[in-house]
1. Scan (1) in a loop (DSSP other than H, G, I, E, B); (2) crowded, with 18+ Cβ neighbours inside 10 Å for the single condition GLY43 breaks and write down its number.
2. State which residue pairs qualify: first residue free of Cβ contacts under 8 Å to residues at least 40 places away in the same chain and closer than 11 Å to ILE56 by Cβ and inside segment 20-31, second residue in a helix (DSSP H, G or I) and of a type in the set (S, T, N, Q) in any location, beta carbons under 8 Å apart, and separation of 6 or more residues or different chains.
3. Any chance segment 34-41 includes a residue that's in contact (Cβ under 8 Å) with a residue 40 or more places away in the chain and either polar (S, T, N, Q) or touching a helix residue (DSSP H, G or I) at 6+ places or on another chain (Cβ under 6 Å) (or both)?
4. Would you check if there is a residue in segment 33-40 being more than 14 Å from ALA23 (Cα to Cα) and outside any loop (DSSP other than H, G, I, E, B)?
5. Consider GLN84 against the criteria (1) crowded, with 19+ Cβ neighbours inside 10 Å; (2) in a loop (DSSP other than H, G, I, E, B); (3) modelled with pLDDT under 95: it satisfies all of them except one. Which criterion is unmet?
6. Count, please, the residues in segment 46-81 that happen to be polar (S, T, N, Q) and in a loop (DSSP other than H, G, I, E, B).
Amino acid sequence: SATVNQRLGLLEAKKAQAIVAAAQEVIDGQHDAEFPLVVWQTGSGTQTNMNLNEVIANRASELLGGERGQARLVHPNDDVNMSQSSNDVFPTAMHVAAV
C-alpha cells in the first residue's frame with residue numbers, strides 16, 4: 001500500500017521506499033524475533049496487524065536515519081497502515097491465502 005499511497009500523493013517517496021524496504025526485510029525473515037504473538041488471537045487479527053505495523057515503522061525509521069519508538073520518523077498507523085482498515089487486512093489475507 002505504501003507504493004500506491006505514494007503514487008496518489010498521500011505518502012512522501014522516501015517514507016514509501018523505506019516502508020517497502022522494511023516490509024521486504026520482514027518477508028525475508030530478518031525480523032522474526034520481533035513477532036512474539038501466539039497463533040490464538042481474536043478473529044480480526046488486530047494484534048498481528050499492529051505488531052507488523054510497529055515492526056515496519058520502526059525499521060523504516062531506522063532506514064531513514066531515525067530511531068525506534070516514540071521519536072520514529074514513520075508512524076505505524078498514519079504511514080504504514082495508511083488507507084487500510086486494521087480489521088480488514090488480516091481477514092482478507094486469510095481469505096486470499098485459503099483460495
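The values are calculated or read from the model by the stated rules, or taken from the named source; none is laboratory data. This one's a predicted model, so the numbers in the text were calculated from it and none came from an experiment. Methodologically, a virtual Cβ is constructed for each residue, glycine included, from the backbone with ideal geometry; neighbour enumeration extends over all protein chains shown.
1. Answer for GLY43: the failing condition is (2).
2. From segment 20-31, the pairs are VAL20/THR3.
3. no
4. yes
5. Every condition holds for GLN84 apart from (1).
6. First, pick out the residues of segment 46-81 that are polar (S, T, N, Q): 46-49, 51, 53, 58, 61, 70, 77, 81.
So of that shortlist, the ones also in a loop (DSSP other than H, G, I, E, B) come out as 81.
Total meeting the criteria: 1.
Residue-wise test of (1) surrounded by 11 or more Cβ atoms within 10 Å (Cβ to Cβ); (2) on the phi < 0 side of the Ramachandran plot.
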site	(1), (2)
LEU10	yes, yes
ALA16	yes, yes
GLY29	no, no
PRO36	no, yes
